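Step one of this worksheet: look at the structure below.
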């Protein structure tokens, strides 16, 4: 593989490090989710993996390492070692070998990063990138926003919250045909409309919100294969908490909104501090 320095390709990414508040509240923050799919089932030699990891580290030098989050940083990179790949709860073959989440307020910086990573790995990995962007929350009200601010957990370092779930999904055409008012009804407890026991998306989430870090990105009209990208982090002690959250959202008695959801393959993984650790099995 032709190994060249990628620093020149990504140098301009250094210019886009801007200050902001908590990442979940930052509007217009772009996220690129870079999936690395092996081109061969044969394991790569350690020397090859080391060279690839060095090139990815070089490309990532203009971004803050999100293994130890810093509030003021909006240009960040997060390396994820993949431990599971599933669709609707069932394993999917052809799992990615690693996944990188990189963020910036400037999409051109992300484009340059993805180009650099693609050059570094193209002989051995197929790169698939999902783009999405944060924006104001929909289907909410003032009381819900206050509950979010009061209950949403602070992010911790990867040593404390090592578990990651990257969950893309879309909504059916029938969902988008509903009015905004009708769509919003599904997010609140509405037993009079949907039957006894209905909690809605928001109330299911509030049962677990103080244990699970969540960040929502929008990708409708950006990525034709998905409408949303949801990113989660949590501690080892909260693995079952996350499973209960996902089970509750999928329960169409509790949350009839899920009748309109089309799940895409979910990545479960571990946050790691370096690109080299991302490739370790």
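The values are calculated or read from the model by the stated rules, or taken from the named source; none is laboratory data. Values in this document were obtained by computation on a predicted structure and should not be read as measured data. Ideal geometry is used to build each Cβ from the backbone, glycine not excepted, and the neighbour counts take in all protein chains shown.
Could you give every pair whose Cβ atoms fall below 6 Å, whose first residue belongs to the range 172-185 and is under 16 Å from residue 220 (Cα atoms) and assigned by TED's automatic domain parsing to the domain that holds residue 257, and whose second residue is assigned to a helix (DSSP H, G or I) and at pLDDT 95 or above, counting only separations of at least 6 or pairs across chains?
Short answer, once both residue conditions are applied: 172/260; 175/260.
Output the residues belonging to the range 45-92 that are out of contact with any strand residue (DSSP E or B) (no Cβ under 8 Å at 6 or more places or on another chain) and in a loop (DSSP other than H, G, I, E, B).
Those that are out of contact with any strand residue (DSSP E or B) (no Cβ under 8 Å at 6 or more places or on another chain) and in a loop (DSSP other than H, G, I, E, B): 45, 68, 71, 72, 89.
Does residue 101 satisfy the criteria of being under 20 Å from residue 278 (Cβ atoms), assigned by TED's automatic domain parsing to the domain that holds residue 76 and surrounded by 18 or more Cβ atoms within 10 Å (Cβ to Cβ)?
yes
Would a scan of the range 214-236 turn up a residue that is over 17 Å from residue 166 (Cα atoms), out of contact with any strand residue (DSSP E or B) (no Cβ under 7 Å at 6 or more places or on another chain), in contact (Cβ under 8 Å) with a residue 40 or more places away in the chain and surrounded by fewer than 17 Cβ atoms within 10 Å (Cβ to Cβ)?
no
Just name the residue that is surrounded by the fewest Cβ atoms within 10 Å (Cβ to Cβ) out of those in the range 247-263 that are within 11 Å of residue 167 (Cβ to Cβ) and touching a strand residue (DSSP E or B) at 6+ places or on another chain (Cβ under 8 Å).
263
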